[in-house]
Structures are given as C-alpha cells and as structure tokens.
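The values are calculated or read from the model by the stated rules, or taken from the named source; none is laboratory data. All of these numbers come straight from a predicted model, not from anything done at the bench. Note that we place each Cβ from the backbone using ideal geometry, even for glycine, and neighbour counts take in every protein chain shown. SASA here: full protein model, heavy atoms, side chains in, ligands and nucleic acids out. Shrake-Rupley method; radii C 1.70, N 1.55, O 1.52, S 1.80 Å.
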Amino acid sequence: MGREFLNLVDISEAHRIIRNLFKEIYHPPRMEKVNLKNAYGRVLAQDVKSPIDLPPFNRASRDGYALKAEDTFHASEDNPSTLKCIEVIEAGDIPQKKVKRGCCSRISTGAQIPEGADAIVMVEYTEEDDNILIYRSAYPGQHITPKGSDILRNDIIAKKGSILSPEKIGAISAAGISKVPVIAKPKIGILSTGNELIEPSNDQTPGKIFDSNSHSIAAAVKNCGCEPKILGIVKDDYKELSKAIREGVLECDILITSGGTSAGAGDMLREVVQDNGEVMIHGISIKPGKPTLIGKVDGKLVFGLPGFPVSALIIFDVLLRPYLMELSGKTPLGYHTIELPLAHRLHSSKGRIHYALVKVKNSKVYPILKDSGAIASLADADGYIKIPKNVEILEEGSKVKVSPFLPYEC
Ligand code: AMP
Ligand code: MG
C-alpha cells in the first residue's frame, strides 16, 4: 500500500475529530465507589448529601458551666451568681441531669448540652467554691453550637465534579460517610515502537537507545488524572504491532503509541490501525508533530504520537491533555498561560503552526533552539509557545503566551 500521509488536517479539524471521538466513545464517564481513605484528589461523580444533622446535638464550644442564662443576668465581678453544680459532662458523655434554675453542669468543649441549659459561661469567669461562682452574665445561646447549624440532614456537602480536597474529605467524613462515588480513572495503555528501543533498565547496547517516551507519557497521563499502564516496547513488525495493539485496547480505555507514525518503510502504525480498525487522522499540519495518527481499534481510541520525545510530549499536551483531563474530571484545575516578552528574536517556518519549547527567566521568554529529538531541551523547558502558521519571525520583546508544563495531579 502507499505509505504517504493521508490528507494533512489542520489543528482545529484535529481537535474537532478528537472531541467527537471522546464524546462518542467515552461519554458518560464511568463511576466507582472508593473508600474515603483513597479519595484524595479524586473527582466526585455525584453530589454527596449529609445523612445527618451536624453537629448531631447542641454542642458546647467552650469549657465552662452549662446553665440558664437568666441565672446570670445580674452577675458581675463584684456580685457573682452562685449556682449548684449537679453534674460533670465530658465530650462523648450523655448528660443525665436536667439543669434547673439555680443549677449548672460542668461541661467540656464538644460535649452535649444538658436539657434545660441555654448558655455556657467559660470556666475562666467562674470560681469553684462549695458552689460555683459565676462572674459574668451570659446571653441565651452563648458558646452553644446548635444541632444542624453546620450541616443539615440532606444538605449537599460536596458537589458533583468537585475535586476531593482535604477540606471536602473532612466535611464528608464528619457526616459519617466512608465511601464516595468518584469518576473512575481512565486506563491508558502506553506502547513504544521501534527496533532501536531498549528498556532503561538494560545495559547500553550499540545502535540502541533507551525508551524514554513510555515514561514521559506515563507521567503526563498521570498528570491528567488518568491511570497509565506501560505496555512495553514493540518492534517495527506488522504482526507484533497488530498483536500488541489488539491486546492493548482490550485491557485499556485508550491506547497511546509513540514512534512509527511517519510514512517511512519501517513505519507500521497506519497500516496496522487501518487493518484492525479505522484511521481518522494521519498527519497534522503542525510542527513538531506532523506524523500524528488518530484511529479506532475495537471501538477504542488509538493515538499514535510521533517518536521524537519533544514532539510526543508537545502533541500530548496540545491534543490529548485537554480531553484526558475532561475525561477524568480534572478540568476544574484549568489550563493557564502566562504572557511575557520574548528575550530574543525567533524564526518559525511558514505554513504550519509551530510549537516552540521555551524557558522562562527573569520574566522573559527564552526559546530553546534544539531539534525535536533533544530530550535535554525538554527537561530544561518550562513550557512552550504557539506560533501561528502565517508568522515567520517573532521580534525580541513581542508578547508571547507560554503554556507551562505544570504538575496538575493531586
Ligand atoms: P519515529 O517516529 O519512529 O520515526 O522515531 C523518531 C525518532 O524518535 C527516532 O530517532 C527514534 O529513535 C526516536 N524515538 C522513537 N520512539 C522513542 C522512544 N520511545 N523513546 C525515545 N526516543 C524514541
Ligand atoms: Mg521508529
């Protein structure tokens, strides 16, 4: 078969196709219940309502004496009220005695207010004698947190779509809930293709290079709130690649491959995806990343990233991250760009959108001028800028928007 690219599509058309594929295949998102212990950073799939009032009883907010406020109305430093202590109530106790006029109960913060009492006077304003001397007046309700004043039964504690922060986890557990419905993490299979690739755990071998894409892509996938599964290295071999892709789509929601996407002799991906499913895009008019492939096998999305490490990660960021974050519910974390001036002039190639790696230093943007194979430039970069396809030169000082490589993962 011909190995040329299919029709090159532009970036907006690529986005349209990818968006539709995600909608068609992965909507609505799957849900699972997780224990609150494992819920940090997860995204709620449903509103969480409280099954109880909180606090569940009228609760003391200070250490002191629970009493009837009217017994203290004329109390002062010079003229204390004298009350009889009838009970000591610690946090967790159930009060046994009703507080009547002339009486009080010693109470600890967090304990249940005894029947009959409508105020607390802090222990600092009292003195223990045979009886209890109260040196300050109290108003009804003083230092009492009423039942249900924090959360009422059936109140929504945390909304669908919210990311479970320590604060939300605290409120949910306070309502006595131990399991929450969250969006299931999409499982993303990652395959590296190329005869030259070996695992980083191997010894260096002549003619071979270590597979870095599997690891950088797995981290990027995690950063989108998805679960990566590294499926290993596959040779540029039609049969081996077909088998790996068919197995990959069985156990994962999406399969991301890297390498072998071009139109060269050893580049198998297009043929394999075409023979096992459908190719939607082969070739996008952007730089880097022209040899990108998007297809479907077994009803699952197969995303073929270019092999060059810089291209692979930039294409991931531009064309996959927004959709993976949406799929995992992480969109509230948003995307940010930072507008800053360019430190020196930058040339771009006309006709294709160009994504250039940059470093930010002293509020200026420094382009990193290395080719897409240079992995060190990636490690050094703070992000990238997008240069429109009709722009050939960006002058020093012109304002550019940096898309930063940020850790989003919670
Ligand atoms: P390809 O897209 O297969 O033509 O590969 C383009 C370049 O990227 C070649 O120099 C490959 O050796 C390199 N490359 C491909 N896959 C990987 C990988 N997984 N890790 C590091 N470099 C890779
Ligand atoms: Mg290759």
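A few comments on the model shown:
- Rounded to the nearest 10 degrees, the inclination of helix 238-251 to the longest alpha-carbon principal axis of the chain is 20 degrees.
- log10 of Debye I(q)/I(0), alpha-carbon scatterers only, for segment 338-404 at 0.13, 0.15, 0.16, 0.25 Å⁻¹: -0.31, -0.41, -0.47, -1.14
- Straight Cα distances below 29 angstrom link residue 68 to the lysines 84, 97, 98, 100, 147, with same-chain residues fewer than 8 positions distant left out.
- Taking other residues whose beta carbon is less than 13 angstrom from the beta carbon of residue 99, and scoring Lys, Arg as +1 and Asp, Glu as -1, yields +2.
- The orientation-averaged projected area of the convex hull spanned by the Cα atoms of segment 199-356 comes to 11.6 nm².
- Here the simple spin-label model places points 7 Å from the Cα toward Cβ, and for residue 165 and residue 364 these points are separated by 3.7 nm.
- On full extension, the segment bounded by residue 393 and residue 331 gains 19.0 nm, given 0.36 nm per residue less the C-alpha separation.
- Of 316, 5, the order by accessible heavy-atom surface (1.4 Å probe, DNA, RNA and ligands excluded), from most exposed downward, is 5, 316.
- When a 1.4 Å probe is rolled over the protein heavy atoms, the share of accessible surface on segment 59-145 that falls to carbon and sulfur comes to 42 percent.
- Radius 11 Å from Cβ of residue 322, net charge of other residues (Lys, Arg +1; Asp, Glu -1): +1
- Hypothetical label at residue 349: residues of segment 242-281 whose amide nitrogen lies under 20 Å (7 Å Cα-Cβ projection): 259-267
- Test item: Cα-centred dipole of the chain, Lys/Arg +1 and Asp/Glu -1 on Cβ, debye: 1180 debye
- The simple Förster model, with R0 at 22 Å and r as the Cβ-Cβ distance, assigns residue 32 and residue 154 a FRET efficiency of 0.35.
- Helix 213-223 and the longest principal axis of the C-alpha atoms of the chain enclose an angle of approximately 30°.
- Accessible-area rank, largest first, for 24, 13: 24, 13, with all protein chains present and a 1.4 angstrom probe.
- For q = 0.07, 0.08, 0.10 Å⁻¹, Debye-computed log10 I/I(0) when each Cα of the chain counts as one equal scatterer: -0.53, -0.61, -0.75
- Neighbourhood net charge (13 Å Cβ-Cβ; Lys/Arg +1, Asp/Glu -1) for residue 361: 0
- Paramagnetic label zone (point 7 Å from Cα along Cα-to-C-beta, residue 94; backbone N under 20 Å) in segment 124-155: 147-148
- Calculated accessible area for segment 338-404 comes out at 56 Å² per residue, all protein chains present (probe 1.4 Å; ligands, DNA, RNA ignored).
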